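A short write-up of the structure that comes next.
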Amino acid sequence: MEATAEKLKTCSCGHDRKSPLVVRRNKYTFWGNIGLFTGISVKPIHIRYQCVKCNEIFDETTDPGELNKYLM
Ligand SMILES: [Zn+2]
């Protein structure tokens, strides 16, 4: 009946994860951090989305498909 899965979460001031005012906070494993340090490609294990306007962390994902996009 409702398509909630398609709807992106938004922060208090109404930005979703695709907004230019939203930054990604990638979280890596311990070894991931070391990889980043040495320039190896690392996939984050967890991404949080934070609005730079209201500073609210309003969304997060651990979806592998999404995480693959942010391979560093
Ligand atoms: Zn906001």
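The table for this structure:
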| read-out | value |
| --- | --- |
| The chain: relative contact order as a whole-number percent, Cα under 8 Å and 6+ apart | 30 |
| Solvent-accessible area, 1.4 Å probe, carbon plus sulfur percent, for the range 10-68 | 53 |
| Cα gyration tensor shape for the range 10-68, rounded if a/c is under 1.5, else prolate or oblate | prolate |
| Computed lengthening from residue 54 to residue 69, 0.36 nm per intervening residue step minus Cα-Cα distance | 2.9 nm |
| Two-site FRET efficiency, residue 61 against residue 38, from Cβ-Cβ distance with R₀ of 25 Å, rounded to 0.05 | 0.45 |
| FRET E, pair residue 45, residue 13, Förster distance 25 Å, beta-carbon r, rounded to 0.05 | 0.35 |
| Total formal charge among the other residues, if their Cβ is under 13 angstrom from that of residue 71, Lys/Arg +1 and Asp/Glu -1 | +2 |
| Spatially near lysine pairs across the chain, Cα under 20 Å, sequence gap of 8 or more or different chains | 13 |
| Signed unit charges on C-beta, dipole axis of the chain, positive-most listed residue 14, 44, 61 | 44 |
| Accessible surface, the chain, averaged per residue in Å² (probe 1.4 Å) | 74 |
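The values are calculated or read from the model by the stated rules, or taken from the named source; none is laboratory data. Predicted model, so just to flag it, every value in this text is computed and none were measured. So basically every Cβ, Gly included, is an ideal-geometry build from the backbone, and we count neighbours across all protein chains shown. Calculation scope for accessible area: heavy atoms of the full protein, side chains included, ligands and nucleic acids excluded. Shrake-Rupley method; radii C 1.70, N 1.55, O 1.52, S 1.80 Å.
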